[in-house]
Structures are given as structure tokens and as C-alpha cells.
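The values are calculated or read from the model by the stated rules, or taken from the named source; none is laboratory data. What you see is a predicted model, and the numbers here were worked out from it, not measured in a lab. We place every Cβ from the backbone using ideal geometry, glycine too, and count neighbours over all the protein chains shown. With ligands, DNA and RNA removed, areas are computed over all heavy atoms of the protein, side chains included. Shrake-Rupley method; radii C 1.70, N 1.55, O 1.52, S 1.80 Å.
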Amino acid sequence: VFVYFSLSGGRFTATFLEHELQFTENWMISSAMATQLLSSSICSSWLGGMADSWEASKGGNNNGRLLIMSLGLLLSTIATLLHSLGPLYMNWSSEMQQSNSDLDVVDSETDDSQPNMPLPLLAYHLILRALFAMGTAACMPVLDGLALAQLEREGRDKHEYGKERMYGAVSWGIAHIMFGPAIDQFGFKLLYLTVILSFIGCVITFQMYTKSNSANQHFGVSEGDGLLDPCANETTKTPDKVSAKMKPSPKGKRYRRISFGDEDFFDDSITVHTNNENTQERLTFVDLIRLLLQKAPIFNISFIISLFALFIGMSVVESLIFLYFEFLGGSNTMCGLTVVVTVMFELPLFHYAPDVLKLMGSQMMFQCGCLAYVVRVIGYSFIPLSHPYLVLFLEPLHGITIACAMTSSVAFADEWVPTGYESSGQAIMSMTRSLGQFVGLCIAGFLEGRTLYRVLAVIVTVGSLILGMGTYLANKPKSRQEEKQSKYTSL
């Protein structure tokens, strides 16, 4: 899947829009990337919940989640291929320019041989970017949820997610270092071929994965004591994890018992969605948000705000950074090399993520990611023109940011999401990240160059301070009166 993300554009998406689709203005590129992220943020939570629901309905053999991922990748592939119609139209329009100069253009012409993009064509490309994002939004939270569920089935600690994520980083880096020189050699039209080949590779991989795990069972939410596998008779207890269970009251009314470790309380405000008594009951998006706020609301809210702020900054690094490297004088090969340097520092962090997470906790690990981001982007803003290779000394900090932010946010979501809802919990994290990136790209539409990176550094710093304050307030000793009130409220 990470190879697909790389070969369908990856970090080269902005330069693909500029050189292949002829997005001649920075605001056009920012608009396309922002549209993509807004679509992703809107769809990710819904698609993650659908994946969990389909997974439970199909027997828990990963068929539901893999089906969602396959359909998503198919949609993204079709949307990418349809982009090829845009350059064909622009070439035809260029040939007709001498006889027809009354085209409806976005702005005045910047090139004597090539007209600017008409508004309808720009809208066409924006729609395709939105469809592409809908497809990829069906993959990342589902992939994270799939990894967590697989770790649980194998009886492994879910903190080992980082070790699994390490393989994604490896494939991401290898694909980019190969893709960069290939683009220099053959141009961005190569992307239409690579997206087809990588999609076929994903489908084959999904089939192999399904066969190898056909005997494994999916753990879901069920009635009764503990968390039941919908395809088995054994009950699996998870005392250290949040769980949600249904119980019938003496009057036949249904209510939900929410468990946080050894603490239980009952909540009849959460709607039960079921068709009959034999249908597994599913939590809605609103139910999951309530679970998020049930325990340590100050810390949880501050973590979400800090995650949102960090990805405001990450939006430019993930989407537009290669344009900045081009501004400094870098080539596509050099851009691909920056990804390899990043991955080299991600690998040890992902590999030792369980140990680092246990040592530091999700909050401190996330703070380290924020610090690495701030130092890096401030460094970017001081690199002189014609010296693009200096960015390679700063790229290791990007690896630290990615490894720390992704590992800690996945662990944070897994601490409160019920078993069987791994994709839904990760979808909420994905939605937060995408919304942050959308806001960041909107900011990038007004600011450019070195000023942009310095402003983003300030935003991420503020988010990090909010998390620190939230952690302090959450750990602040309570008075006896507050403890009594808290206990009364839970009851």
C-alpha cells in the first residue's frame, strides 16, 4: 500500500500537478492539495467505521477491511488515470490558440506557446483530486486498524505497531528513491503506468494476505461479559483496555456499560443501533467521540488539538516541500534522496517504538515529534539558494517527527477505542490529521517561501504548549470534593 501511495504521486504530487497537469500558479496547486485533504478528512471516519462494520458482518477474516481498501485503491487509480485527459485538452487548445484566442482562462497567459488552464478544466482536476483522496482515505486508517487487529490475533503487544509500520517506511523510501530518477528520465507521464502496476500489486498482496490468515478470527464487541469473537465461542478479556458492552435492564431497556480498566460506569445516552437481538450492535461515530471524552477529557482534547496543530505544519512538508526544494535548485533525484534519508532515521525509531513508547509515554513521544518539526522547518527557512543539498542535514528530523507522531497517535487512539473498532479509532486520528493539513494548505495559499515555514513553526509550538498544559492539568491532584463529585458523576 505504501508503494502505491509513492507511485501514485507521493511527495511528487505537487510537482506532478505543476509539470504534467500544467498548474501554473501556486494557488492552484494549494487548492488542489487542500481539496484532496478536505475530502479525505470528511470521508476517513465514515470509511473507517464502514470497514469495521463490514469486517464484523463478513466473519472477521479481514475480508471487510480488505474489500474497503481494494475499492478505495480502485477509485484512486481511476481518478489518477482520468487526469491524463487534461494535458490532451491543453495540447489541443495550444494548437488551436492561433485561430481561437477567446478561451475562458484562469488568468492572463504566461507563455506564448501554451494557454493557461480554463476554469472548467481546473474544476475537473479538483474533482478528480477529491475522488483520489476518497480512495486513499479508505486505506490509511483501515491499514492501521488491520495492523492492530493482527497484533491482537497473534497475541502480541499492540505497542509493537511501530515495528509493523517500519515496513511501510521502507517501501515508501525505496519507491521514492527509484521514482525520482525515473521521473527525471521519462517525465511525469510515467506515473500513469506506475499507478496501474502498483494497484495490481496491492490486489495480489491482499489475496495472499487473506489466504494466509483465513484461520484467524476477528474480535468484536458483543453482549455479555468480556469481548467476544463473533466467529468463536471463546471470550477474551482486556482489563487494561477500554471496552463497550450492552446489557439488558430488568425492564428490557438497553444501556451501555463503559469500562476503563477496573472502573465501570453506565451510560444510557448512547443510542443502540441494531436490527434484531441476534445482530451485533455497532458504535456510531458520536458514540466513539463520547468514549474519547469519558476519561481524562482535558488530556484527550489537548492531544487532539496538538495533533491538529502539528499536521497544519506537516501539510506543507508532505504536500509542497518538493516545490520549495525546486525553488532552492534541487532535482527530482535529490527530492527522492531526501525521502531515503528520512526513512533511514524512521526505521530504528519504528523498530524500537514499543520500548520508546513504554519509556516516554504517548504524550512525551508526541512532544519530541513536535520539537523535531520546529527545528527542521526553521532550518529550512535559512537555507540559501543554489544549495539544496543542505536540506539533507535536516531531513533526519522529519523521520523523527513521523515516527514519533504516528506511533504516539496510534497508541493514543488504541487506549480508548473498543476492541473491534480499531479502524474507526484510527479514522478519527486520520480525520484530525487531514483537517489540520487542509488548514495548513489554506495558509500556504497566502504565504510563501521562508515566511510560511516560520509561521508554521509557531503554530506547531503553540499546539505543543497546549498539550503540555493539558497534561499538567490532567495530572494535577484533585481535591476531596472534586473526587467525590467525579465518583458521583460516573455512577
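Laid out as a table, the results:
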quantity: Thr419 touching a strand residue (DSSP E or B) at 6+ places or on another chain (Cβ under 6 Å) and polar (S, T, N, Q); calculated: yes
quantity: Residue in the stretch 404-411 that is in contact with a Ser or Thr (Cβ under 8 Å, 6 or more places away or on another chain), buried (at least 23 other Cβ atoms within 10 Å of the Cβ) and of a type in the set (A, V, I, L, M, F, W, C) present; calculated: no
quantity: So Val221, is it at pLDDT 50 or above, aliphatic (A, V, I, L, M) and surrounded by 17 or more Cβ atoms within 10 Å (Cβ to Cβ); calculated: no
quantity: Listing of helices (runs of 4 or more DSSP H) fully contained in the stretch 334-446 that carry 3 or more residues being without any contact (Cβ under 8 Å) to a residue 24 or more places away in the chain; calculated: 353-380
quantity: Criterion: over 23 Å from Cys404 (Cβ atoms) and either open to solvent by 30 Å² or more (accessible area, probe 1.4 Å) or in contact with a Cys (Cβ under 9 Å, 6 or more places away or on another chain) (or both) - qualifying residue of Glu154, Glu164; calculated: Glu154
quantity: Residue check for Phe322: in contact with a Phe, Trp or Tyr (Cβ under 7 Å, 6 or more places away or on another chain) and in a helix (DSSP H, G or I); calculated: yes
quantity: Members of the stretch 128-151 that are farther than 25 Å from Leu81 by Cβ, out of contact with any Leu (no Cβ under 8 Å at 6 or more places or on another chain) and either at pLDDT below 80 or open to solvent by 20 Å² or more (accessible area, probe 1.4 Å) (or both); calculated: Asp144, Gly145, Ala147, Leu148, Ala149, Gln150
quantity: Residue that is surrounded by the fewest Cβ atoms within 10 Å (Cβ to Cβ) [pool: residues in the stretch 309-365 that are aromatic (Phe, Trp, Tyr) and under 22 Å from Gly379 (Cβ atoms)]; calculated: Phe327
quantity: Residue in the stretch 14-22 that is open to solvent by 40 Å² or more (accessible area, probe 1.4 Å) and out of contact with any Gly (no Cβ under 7 Å at 6 or more places or on another chain) present; calculated: yes
quantity: Residue check, Ala175 over 16 Å from the mean Cα position of the chain (by Cα) and not aromatic (Phe, Trp, Tyr); calculated: yes
quantity: Members of the stretch 72-86 found to be surrounded by 15 or more Cβ atoms within 10 Å (Cβ to Cβ) and of a type outside the set (A, V, I, L, M), listed by number; calculated: Gly72, Ser76, Thr77, Thr80, His83, Gly86
quantity: Any hit, the stretch 24-41, residues being assigned to a helix (DSSP H, G or I) and farther than 22 Å from Phe322 by Cα; calculated: yes
